[in-house]
Amino acid sequence: MRAPHTAVTLLLSSLTFLSTTACRPAGGSSSAAAAVSDAELDARRAAEEDQRLVRAGRDVFRYDTFGDEAFWTGTLQLDRAIAGEANGGVGPGLSPRTALAVGLKVDRDALPHKVQEAIVAGQVDLDDPAVTLTLLKADAVVGLKGTFDGAGKLTAVGIQCALCHSTVNDSLAGGIGRRLDGWPNQDLNVGAIVSIAPNLQPVADLISLAGPTVDVPTLKTVLGTWGPGKYDASVFLDGKALRPDGGSAAVLIPPAFGLAGVNLATWTGWGSVTYWNAFVANLEMHGQGTFYDPRLDDAARFPIAARAGFGHLTASPDLVTPKLAALHRYQLSLAAPRPPEGSFDRAAAARGRGVFEGPAACARCHVPPLFTEPGLNLHSPAEMGIDDFQAQRSPTGAYRTAPLAGLSAHSRRGFFHDGRFATLDDVVKHYDGHFGLGLTAAQQADLVEYLKSL
Ligand code: HEC
Ligand code: HEC
């Protein structure tokens, strides 16, 4: 059975030979440009196309709203609350101080040097909502896009992927610095931001589709349970506002980096990265696009999604689908960041690797270097030794093996989907007990240093 393969290889190599010779100008002179083979030209074209996609995808990730202003402005009127009465909206408006306090970040590179200097010198009035509008005009509020009319009045706001999946490095001041794309914003209080919208009735009506009527005050209570760094994407599908034990039903905003090679995305493995990108752009951000997933017709699991037809959305024009390829490519280009210098003990981490791959058998699921399974990277709640609440809110009924590289970029709100383990020590203790590993205290400590090194 080797023969056909060999024949193909021979054919290919002779084709390469032919094309290389064909490129040589008659007379045998070999200028560098003329010597470029077709194979090399193909490689260059592929690299150029790849770079184009990555750049276009970065723009989508950072700056695209997919037309979601229709929801955030048209329905919720969030623009009016941000502007405040003094600037043609309603209420006190969103001051920069409050914006930073609810975790919004400012991209210093979008600001003129003079403004950056004024911020450092403390000459910018952080209590004036008009300053927030100036930042929005400069496209400097990460993840939030403002549209202004000729008179400078804010007429619309929309949200972008970067709202939740980017932060900044605080290089100018707390919350103000260079963008770090893919890093989850651990400070962002989505619930608090949504809560200031003047018209939350449509959201209350949506959640009421699950059964009992939910009024706006109740909705605000639920939004208040999320807290910083968390969001509940599923409540808009199933109406489950709280866990059965009364706790928050929100999950941690995960990183959007380090996902190349990872099969299923999200804590509960809803689908691939590009599946989830389409899901979020349409169903969570309320962009104007096309989305298909008949699993959402399951009225027992997703009463709201089934009634609202979320699995069968179309829009004309479609402002999502044409952007998915570039967005996907950009996300896969985001490597997990290396941990800061000096943030872990190297010798202990090296020993910890031995524990991870040896007696603790972590690598049986977190397979290096992906740190998730090549293949179907899902496990049942029972296998993980945790409750099934969040898993049952997904079509998979399972938890996805979380890729572990870059943990240092998201260690402030706990670990596992809902942040239930405050520290990596707690995670290791859980595994030691659940799997009956019998690790010594020293092995556990080494394991933690290894996790910090990834
Ligand atoms: C309001 C905050 C928010 C916004 C905006 C948002 N996401 Fe997310 N994203 C989340 C949360 C929360 C999850 C986890 C959901 C879950 O597992 O239930 C998530 C999960 C993901 C994942 C899976 C990560 C993994 O570890 O598998 C990817 C990829 C992702 N989002 C990309 C995007 C893209 C692309 C956009 C813009 C189209 C976007 N997100 C907009 C909050 C957000
Ligand atoms: C049976 C497969 C399996 C084994 C074995 C396993 N894990 Fe996990 N791991 C998972 C899954 C699934 C999750 C996601 C749990 C969740 O989201 O609630 C996870 C999550 C984690 C997290 C949290 C990541 C985050 O972003 O919050 C850490 C840290 C971790 N595992 C470390 C380890 C260590 C250390 C070991 C060995 C002692 C280990 N795991 C063994 C499947 C496994």
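Quick one: grab the alpha carbon gyration tensor of segment 340-454, order the square roots of its eigenvalues as a ≥ b ≥ c, and give me rounded if a/c is under 1.5, else prolate or oblate depending on whether a/b is larger than b/c. It comes out prolate by the Cα gyration axes.
Rounded to the nearest whole Hz, the Karplus-based 3J(HN,Hα) values (6.51 cos²θ - 1.76 cosθ + 1.60, θ = phi - 60°) of segment 411-428 follow the sequence 10, 8, 10, x, 10, 6, 3, 10, x, 5, 9, 5, 10, 5, 4, 5, 4, 5, with x at glycine and proline.
For the pair S37 and A130, a Förster radius of 51 Å applied to the C-beta separation gives a FRET efficiency near 0.25, rounded to the nearest 0.05.
When you filter the trypsin sites (Lys or Arg not before Pro) in segment 352-454 for DSSP loop state and at most 16 other Cβ atoms inside 10 Å of their Cβ, you are left with R412, R420. Each Lys or Arg adds one and each Asp or Glu subtracts one; over the other residues with Cβ under 13 Å from the Cβ of K230, this totals +1.
Under the combined filter of DSSP loop state and at most 11 neighbouring Cβ atoms within 10 Å, segment 329-430 retains these GluC sites (Glu not before Pro): E341. With an a/c value of 1.5 or above and a/b not larger than b/c for the gyration tensor axes a ≥ b ≥ c computed over the alpha-carbon atoms, segment 68-185 is described as oblate. Here each label is just a point 7 Å from Cα along the line to Cβ, and for A138 and S208 those points are 4.3 nm apart. Under the simplified labelling scheme, the D59-Q123 pair shows an inter-label distance of 3.5 nm, with each label point 7 Å from Cα along Cα→Cβ. Are any of the pairs K114/K145; K220/K452; K114/K323; K105/K323; K145/K323 more than 29 Å apart by Cα-Cα distance, and if so, which? Cα-Cα > 29 Å for K220/K452; K114/K323; rest within.
Any read-out appearing in this document is the output of simple, stated calculations on the displayed coordinates, not a laboratory observation. Predicted, not measured: the structure shown is a model, and the values here were computed from it. Don't worry about glycine lacking a Cβ; one is built from the backbone with ideal geometry, like all the others, and counts go over all protein chains shown.
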